[in-house]
Amino acid sequence: MSAETVAIIDYGSGNLHSAAKAFERAAREAGLDETRIVLTSEADTVAQADRVVLPGVGAYADCRRGLDAVPCMVEAMTHAAHVRGRPFLGICVGMQLLATRGLEHETTAGLGWIPGDVGPIQPTDPGLKVPHMGWNTLAIDRPHALLGDIPTGDGGLHAYFVHSYALSPERMEDRVAHSDYGGAVTAMVARDNVAGTQFHPEKSQRLGLALLANFLRWRP
Amino acid sequence: MLKTRIIPCLDVKDGRVVKGVQFLELRDAGDPVEAAKAYDAAGADELCFLDITASHEDRGTLLDVVSRTAEACFMPLTVGGGIRTVADIRTLLLAGADKVSINTAAVNDPDFVARGAEKFGSQCIVVAIDAKRTSGPGEALEWQIFTHGGRKPTGIDAIAFARTVTARGAGELLVTSMDRDGMRSGYDIGLTRAISDAVSVPVIASGGVGGLDDLVAGVREGGASAVLAASIFHFGQHTVSEAKAHMAAAGLSMRLDL
């Protein structure tokens, strides 16, 4: 197997440095030392990459504007994911952008790859604080390669979340895992070769590094 | 279920940990990156660096510390101290901080919180509230915001200020009792509770931890979502995992992944 290139899309959203470092560490731990992790704002690099990662922090509309501001980037992502069928991972707002619409402050069009809306978290228990911030466990809705051998459920490992809005997929089969926070909050979605996590694998210590390693080995 | 967080806080001056971290077997007890790695391995849920470097010109060393920490620790990092402008926030986030903690600049201009939250999202804007009790015995409880390490009163009511900055977009509040800070007599539970009840965002209790029961009280009685402590960890009185075990035994939900 020749060395793969993983493109992390740089569109001015937050700190991508730690995401890149987490992928490098996950690659080393998975024995994939030759995998190249590149931070890029070049559409061509993304279109030709073996795997693509769309990170994102901040407000939905801001992230969408940032992504649209990079020439041809949405087309390049679409080419990689839907023409070439390459594994694609959205993280946090990068995952929310996979939805049809974001409803944060204003209505913003998403990519529409995972049909559904991104709306405010409304815990049934009014004592629960928003943002949903901190470490929560994952409840599996359906088995998925990215969660592979990761211990989940109440006694499982924890993932780090920080968000006030969440994706509600129209098709329940697109939801791979949720967390309980005064109701089910979508934690991970996937459809074919496209996946997304609401939590931050690059901040989730053991669970996160294991998930990133699984992504690097994923053959959807 | 969401877990209660334990956040060790390191005071950093000119790129070095103030007083050092004395329990860990570190090659360099004054290196914040070494200390951060050790706390990462020990199961801390987040880390906080408070930069107390006097001059603004020496910020480069802090940025280097932040970026080396972010390369080695895959856990959330909050950095506070001396943040005055949107450019300061951007620089720290790009260096690898996940959140910034804003103190004096938010007191001087609450709209600064709004500008930061609009630009970078509420999730990365923590407002640090340093408060002292100003009501006398027998009077209705009241706390005021103090700046300059607790020396300078502002006349601003702490609870009203908490509401103000939350409305402006603060995603979390770090509430420190300046009466209790360094006293090891426990958090000011009344202050923590009053602010936690007044806002919808998570509150971090800070200032005054003397023992593990204080951490439990900060959550159970104070309503905090996270507890911050410094000396009980740095000087080896307790490990993070002892603290977690104690809090779990008291019935709180803790992350015990290690």
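The values are calculated or read from the model by the stated rules, or taken from the named source; none is laboratory data. From a predicted model like this one, the values you see are computed outputs, not experimental measurements. Here Cβ is always computed from backbone atoms with ideal geometry, including for glycine, and neighbour counts include all displayed protein chains.
Among the residues of the range B:126-144, is there at least one that is within 15 Å of B:T166 (Cβ to Cβ), within 20 Å of the chain's Cα centre (by Cα) and polar (S, T, N, Q)?
no
Could you list, in sequence order, all residues of the range B:100-124 that are crowded, with 21+ Cβ neighbours inside 10 Å, at the interface with chain A (Cβ under 8 Å from one of its Cβ atoms) and not hydroxyl-bearing (S, T, Y)?
B:F120, B:G121, B:Q123, B:C124
When you go through A:V46, A:V53, A:V38 one by one, which is the residue that is assigned to a strand (DSSP E or B), among the hydrophobic types (A, V, I, L, M, F, W, C) and crowded, with 20+ Cβ neighbours inside 10 Å?
Details: A:V46 fails: assigned to a strand (DSSP E or B); A:V38 fails: crowded, with 20+ Cβ neighbours inside 10 Å.
After ruling out the rest, the residue left standing is A:V53.
Looking at A:G56, is it closer than 22 Å to A:L207 by Cα, within 16 Å of the chain's Cα centre (by Cα) and at pLDDT below 95? It would help to see each step written out before you state the result.
On the way: closer than 22 Å to A:L207 by Cα: yes; within 16 Å of the chain's Cα centre (by Cα): yes; at pLDDT below 95: yes.
It is true that A:G56 is closer than 22 Å to A:L207 by Cα, within 16 Å of the chain's Cα centre (by Cα) and at pLDDT below 95.
Go through the residues of the range B:165-174 one by one and say whether even a single one is touching a Pro at 6+ places or on another chain (Cβ under 9 Å), modelled with pLDDT of 95 or more and among the basic types (K, R).
So far as the range B:165-174 goes, yes, one or more of its residues are touching a Pro at 6+ places or on another chain (Cβ under 9 Å), modelled with pLDDT of 95 or more and among the basic types (K, R).
A:P71 is checked against (1) over 15 Å from the mean Cα position of the chain (by Cα); (2) at pLDDT 95 or above; (3) crowded, with 16+ Cβ neighbours inside 10 Å and fails just one. What number does that condition carry?
With (1) over 15 Å from the mean Cα position of the chain (by Cα); (2) at pLDDT 95 or above; (3) crowded, with 16+ Cβ neighbours inside 10 Å applied to A:P71, the lone miss is (3).
Being of a type in the set (A, V, I, L, M, F, W, C) and surrounded by fewer than 21 Cβ atoms within 10 Å (Cβ to Cβ) narrows it down to one residue among A:A76, A:A3, A:A19; which is it? Quick ask: steps written out before the conclusion?
Numbers: A:A76 fails: surrounded by fewer than 21 Cβ atoms within 10 Å (Cβ to Cβ); A:A19 fails: surrounded by fewer than 21 Cβ atoms within 10 Å (Cβ to Cβ).
Going through A:A76, A:A3, A:A19 in turn, just one is of a type in the set (A, V, I, L, M, F, W, C) and surrounded by fewer than 21 Cβ atoms within 10 Å (Cβ to Cβ): A:A3.
Just one of the numbered conditions (1) without any contact (Cβ under 8 Å) to a residue 40 or more places away in the chain; (2) within 10 Å of chain B (Cβ to nearest Cβ); (3) under 19 Å from A:G208 (Cβ atoms) is not true of A:S179; which one?
So the condition that A:S179 fails would be (1).
Which is surrounded by 24 or more Cβ atoms within 10 Å (Cβ to Cβ) and over 29 Å from A:Y165 (Cα atoms), of B:V127, B:V65?
On the way: B:V127 fails: over 29 Å from A:Y165 (Cα atoms).
B:V65 is the lone residue from the list that is surrounded by 24 or more Cβ atoms within 10 Å (Cβ to Cβ) and over 29 Å from A:Y165 (Cα atoms).
Quick one: which residue in A:L167, A:L157 is modelled with pLDDT of 95 or more and closer than 27 Å to A:G85 by Cβ?
A:L167
Within the range A:1-20, work out how many residues are of a type outside the set (A, V, I, L, M, F, W, C) and either at pLDDT 90 or above or more than 30 Å from B:S122 (Cβ to Cβ) (or both). Explain how you work it out, then say what you get.
Initially, the range A:1-20 is screened for residues of a type outside the set (A, V, I, L, M, F, W, C), giving A:2, A:4-5, A:10-15, A:17-18.
Imposing the further condition that a residue be either at pLDDT 90 or above or more than 30 Å from B:S122 (Cβ to Cβ) (or both) reduces the set to A:2, A:4-5, A:10-11.
So the count comes out to 5.
For the range B:154-258, please list each of the strands (runs of 3 or more DSSP E) lying entirely inside it that holds at least 3 residues being without any contact (Cβ under 8 Å) to a residue 24 or more places away in the chain, within 14 Å of chain A (Cβ to nearest Cβ) and crowded, with 24+ Cβ neighbours inside 10 Å. Let's see the steps before the verdict.
On the way: elements: B:172-177, B:203-206, B:226-229.
Result: empty, no element qualifies.
Among the residues of the range A:127-137, is any farther than 22 Å from A:P220 by Cβ, loosely packed, with under 15 Cβ neighbours inside 10 Å and of a type in the set (S, T, Y)?
At the first step, the residues of the range A:127-137 found to be farther than 22 Å from A:P220 by Cβ are A:127-137.
Adding the requirement that they be loosely packed, with under 15 Cβ neighbours inside 10 Å leaves A:127.
In the following step, the residues that additionally are of a type in the set (S, T, Y) were identified as none.
There is no residue in the range A:127-137 that is farther than 22 Å from A:P220 by Cβ, loosely packed, with under 15 Cβ neighbours inside 10 Å and of a type in the set (S, T, Y).
Could you check, for the range B:45-58, whether at least one of its residues is assigned to a strand (DSSP E or B) and hydroxyl-bearing (S, T, Y)? First the steps, then the outcome.
First, pick out the residues of the range B:45-58 that are assigned to a strand (DSSP E or B): B:47-51.
Add one more test, that the residue is hydroxyl-bearing (S, T, Y), and what stays is none.
No, because not a single residue in the range B:45-58 is assigned to a strand (DSSP E or B) and hydroxyl-bearing (S, T, Y).
Name the pairs: first residue in the range A:196-209 and more than 7 Å from chain B (Cβ to nearest Cβ), second residue acidic (D, E) and crowded, with 24+ Cβ neighbours inside 10 Å, Cβ to Cβ under 9 Å, at least 6 apart or on different chains?
A:H200/B:D98
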